[in-house]
1. Please give the FRET efficiency for residue 311 paired with residue 162, using the beta carbon to beta carbon distance and R0 = 22 Å, rounded to the nearest 0.05.
2. Tell me, how many Å apart are the Cα centres for the stretch 116-167 and for the stretch 259-326?
3. Hey, could you grab the Kirkwood Rh for the stretch 241-346? Inverse mean 1/r over distinct alpha carbon pairs, Å, one decimal.
4. Need one word for the stretch 144-243: rounded, prolate or oblate. Basis is the Cα gyration tensor (sqrt eigenvalues a ≥ b ≥ c); a/c below 1.5 gives rounded, then a/b vs b/c decides.
5. Give the distance, in whole Å, between the Cα centre of the stretch 222-257 and the Cα centre of the stretch 358-376.
6. What nm value, rounded to one decimal, do you get for the distance between residue 390 and residue 222 when each label is placed 7 Å out toward the C-beta?
7. Round to the nearest 0.05 the FRET efficiency obtained for residue 67 and residue 253 when R0 = 60 Å and r is the Cβ-Cβ distance.
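Readers should treat all values here as calculations from the given coordinates under stated rules, not as data from a laboratory. None of the values given here were measured: they were computed from a predicted structure. Cβ atoms come from the backbone with ideal geometry, glycine included; neighbour counts cover every protein chain shown.
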């Protein structure tokens, strides 16, 4: 599948944030109809913005969306996903939303003096944005169906809180786009102008919450349903290492890491070499570990046990630790802080990973990654077929110079 820069948020990537779910959505903010700015106040500061909708807009765009919409009847079936029908109106809404988002990207590039448009290369093979637009809509549709099919296959249902979230998003949209006294009918009138069916609008709201429900039921809210082996496999696949170390510092750790004088630094280097040689000469693993523990207690006030990945730790230390087998002792490893003797330890599923932001439980991150992988594999397996004779409209056939272009 071709990959290119699109403004429409990819649902599964939005789900892998380590601290929970993003409200990024296939349902985009509704573009305000001309002359309704006063009736559509900005969301209050600090309040969560609900997923809204994106609209095909005539203003500041060179795309004749009305001509594209007129290519088919709204109810015409243009595509099937796993045998389930997609009508032209729903396809068009995603197409127009995607195209408008891409126009916004082009407009942003213009502000930085960069020339970009539908004919510009969008991937490594040189395909243009115009050529890949249809593939982006196919991806959007597959995202929707993947969530729904996954929910069906796993018996996922929405709990009361999740049902309330959908209703809350809907009510927020009414207020945001129709004012405090707005009604559902008024919102649906806005959607109709934008060729968005009420049923598809509700479906898009629901699919985002449903994805979260799938995650909760399959992985657990914090990844608690993962097996220990799944967590360990994720840690190993991501280069997470468990190690203990003894630091013979060549900087003053209590005084802003000021360098020690040359003689003191040389003494620390000699100690590191002496004890590394001693430890590496001990053949019995238990005796070696016991002696390491004694030395760590005596000399290792700034050492200790760590579980870490490649980021958030000195690169020399990471490379030295990753080169070891479990139970093996390193040669002295130089870092910005001095010389380390490292003992590689086996990982455990309940280890907490040290990083720039402190220690973190690996389960939520592992669950997010595994869920994303599962959903991507499901999406890639879907059978998608266009009805005979249907092709995604080639946008340059309906395009004139946009008003923002010089």
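1. E(calc), rounded to 0.05, equals 0.05.
2. Answer, in whole Å: 49.
3. 13.8
4. Note, shape of the stretch 144-243 comes out prolate.
5. 16
6. Result: 4.5 nm between the two label points.
7. Computed FRET efficiency for residue 67 and residue 253 comes out at 0.30.
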